[in-house]
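Report on one structure; see the data block that follows.
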Amino acid sequence: MNEQDAGRAGHDRRPTPDQPADGTPQPAGDTALLDPHGPDDEPQVSRRAVTMVLSGALLSAMLLVIMLVPLPYAVQRPGPTVNTLGKVDGKPLIEVDGAKTYPTSGELRLTTVSVVGGPGYPVTAADVLAGWLAEDEVVLPVEAVFPDGTTREQIDEQSTAQMTSSQDNATVAALQELGYDVPMVLTVSGVAPGSGADGVVERGDVISSIQPEGEERTQIRSFSDLSAVLARTPAGTQVTLGVVRDGSETDLSFATMGHPDTALGPAETPPGSLLGVLLDPQVEMPVDVDFDIENIGGPSAGTMFALGIIDTLTPGEMTGGEKIAGTGTMDLAGHVGPIGGIRQKLVGAQRAGADWFLAPEGNCSEVVGHVPDGLRVVRVGTLGEARHAVDAIAAGDGGSMPTCEASAR
């Protein structure tokens, strides 16, 4: 309403908010002239108010866009845990055919890490900010978690293949731990470039024996046989490797190589040496073991799978009713290997109600100082050590087992 309109209102002009009906003067201030047609019409909005509203809306929209912009990071969070002694839809997670099994209870929980981000599922600034603020999450460059250039389909395929390999290795290691004879054929599927085996060993060679310089020859019937010899053979040792090539026995001579450096540091590098070849084991399983587990991939459940198999194939309750969680890769010879996301797995185990956690000795440097309250850690390097730790925990002697310390290998 403008001044001209007010003038035309004449004696019908109604009092303004600053001027009561009796005409008593009021202190000067912002006033709004009301439309003469009735008190129900609202006062006019000032330009300043409009500007502030529009600016606020624009700022909110900009912040919303920024928070939703995909960023090249991945966020690791504690994932779910799964009891390998439990059931899925009424069926045991681990089913054995060809050997006597025994009822059991207790909990042997594999632990996982949930990863937000990566190909196909980029994280936003909101995810990254939440990860930075959370004590049990870690934000990493996406290339530190996923190989550069890989697709979501490739990642899923690799994760599934690692899980399958983990289950196969766990089965072989568990059966051998229980005294089963598990023969296998070790065929060379590749050779490490620059290694002593490069140009000497060929793809398709079948390993039959090994003889380090100065030692007796050992016949190879399983990966455990080969692993045991290499574990006591220093890097650079000349070895004679017996292979079957094109149907004929052949001796090959070359020097072994050391284990590759890892982020865990030289103090946690495994002992012994490597041949420098990739092997494709063909295993003759004396017992069939099936796993009913979905939506979990990767190799880190091997140790808990193997313990679950052992408990299923032995009388009694191996855990003694204790809630035990853990992690660690498992090779055919029963060695427990380090994994990623150990700190998130510790938190996940605590949230699942576990009292004990079996940690690979190769992860000890990451465990020290990050154990949640109420959780006790036992370090393990082999399946035999892990089995002994579970037995001790069940007997009430878990406190005597070695734990992770700053100086632990």
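The values are calculated or read from the model by the stated rules, or taken from the named source; none is laboratory data. Keep in mind the model is a prediction, meaning the values are calculated, not measured. Positions of Cβ are backbone-derived with ideal geometry, glycine not excepted, and every protein chain shown enters the neighbour counts. Ligands, DNA and RNA are excluded from the accessible area calculation, which covers all protein heavy atoms including side chains. Shrake-Rupley method; radii C 1.70, N 1.55, O 1.52, S 1.80 Å.
Tally up the residues in the range 158-185 that are within 17 Å of Val277 (Cβ to Cβ) and open to solvent by less than 30 Å² (accessible area, probe 1.4 Å), please.
Within the range 158-185, residues that are within 17 Å of Val277 (Cβ to Cβ) and open to solvent by less than 30 Å² (accessible area, probe 1.4 Å) number 1.
Does the range 127-138 contain at least one residue that is in contact (Cβ under 8 Å) with a residue 40 or more places away in the chain, hydrophobic (A, V, I, L, M, F, W, C) and in a loop (DSSP other than H, G, I, E, B)?
Yes, some residue in the range 127-138 is in contact (Cβ under 8 Å) with a residue 40 or more places away in the chain, hydrophobic (A, V, I, L, M, F, W, C) and in a loop (DSSP other than H, G, I, E, B).
Evaluate the range 114-122: report whether one residue or more is in contact (Cβ under 8 Å) with a residue 24 or more places away in the chain and closer than 30 Å to Glu322 by Cβ.
yes
Taking the range 291-316 on its own, how many of its residues are part of a loop (DSSP other than H, G, I, E, B) and within 16 Å of Lys100 (Cβ to Cβ)?
4
Kindly provide the set of residues from the range 279-294 that are closer than 29 Å to Ser114 by Cβ and buried (at least 16 other Cβ atoms within 10 Å of the Cβ), ordered by number.
If the condition is that a residue be closer than 29 Å to Ser114 by Cβ and buried (at least 16 other Cβ atoms within 10 Å of the Cβ), then Val289, Phe291, Ile293 are the ones that fit.
Just to check your reading of the model, which residue among Glu284, Glu215 is under 21 Å from Leu175 (Cβ atoms) and at pLDDT 90 or above?
Glu284
Could you tell me which residue of the range 149-185 is farthest from Gln238 (Cα to Cα), considering only residues that are assigned to a helix (DSSP H, G or I) and among the small types (Gly, Ala, Ser)?
Taking the candidates together, the pick is Ser159.
Output the number of the condition that Gly320 fails; it satisfies all remaining conditions of (1) more than 30 Å from Gln219 (Cα to Cα); (2) out of contact with any helix residue (DSSP H, G or I) (no Cβ under 7 Å at 6 or more places or on another chain).
The number of the failed condition is (2).
Considering only the range 123-149, state which residues are among the charged types (D, E, K, R) and within 27 Å of Gly326 (Cα to Cα).
Glu135, Asp136, Glu137, Glu143
With the checklist (1) open to solvent by less than 60 Å² (accessible area, probe 1.4 Å); (2) closer than 27 Å to Thr327 by Cα; (3) at pLDDT 95 or above in hand, flag the one item Arg245 doesn't pass.
Evaluating Arg245 over (1) open to solvent by less than 60 Å² (accessible area, probe 1.4 Å); (2) closer than 27 Å to Thr327 by Cα; (3) at pLDDT 95 or above leaves (2) as the failure.
Only one of these is at pLDDT 95 or above, closer than 22 Å to Val336 by Cβ and open to solvent by less than 50 Å² (accessible area, probe 1.4 Å): Gly258, Gly297, Gly302. Name it.
The match here is Gly302.
Out of the residues in the range 192-226 that are in contact with a strand residue (DSSP E or B) (Cβ under 7 Å, 6 or more places away or on another chain) and assigned to a helix (DSSP H, G or I), which is surrounded by the most Cβ atoms within 10 Å (Cβ to Cβ)?
Going through the qualifying residues, I end up with Phe223.
Of the conditions (1) more than 18 Å from the chain's Cα centre (by Cα); (2) part of a helix (DSSP H, G or I); (3) surrounded by 17 or more Cβ atoms within 10 Å (Cβ to Cβ), Val188 clears all except one; give me its number.
Of (1) more than 18 Å from the chain's Cα centre (by Cα); (2) part of a helix (DSSP H, G or I); (3) surrounded by 17 or more Cβ atoms within 10 Å (Cβ to Cβ), only one is false for Val188: (2).
Is it the case that the range 215-229 has a residue that's touching a helix residue (DSSP H, G or I) at 6+ places or on another chain (Cβ under 9 Å) and charged (D, E, K, R)?
Checked against the condition, which is being touching a helix residue (DSSP H, G or I) at 6+ places or on another chain (Cβ under 9 Å) and charged (D, E, K, R), the range 215-229 yields at least one hit.
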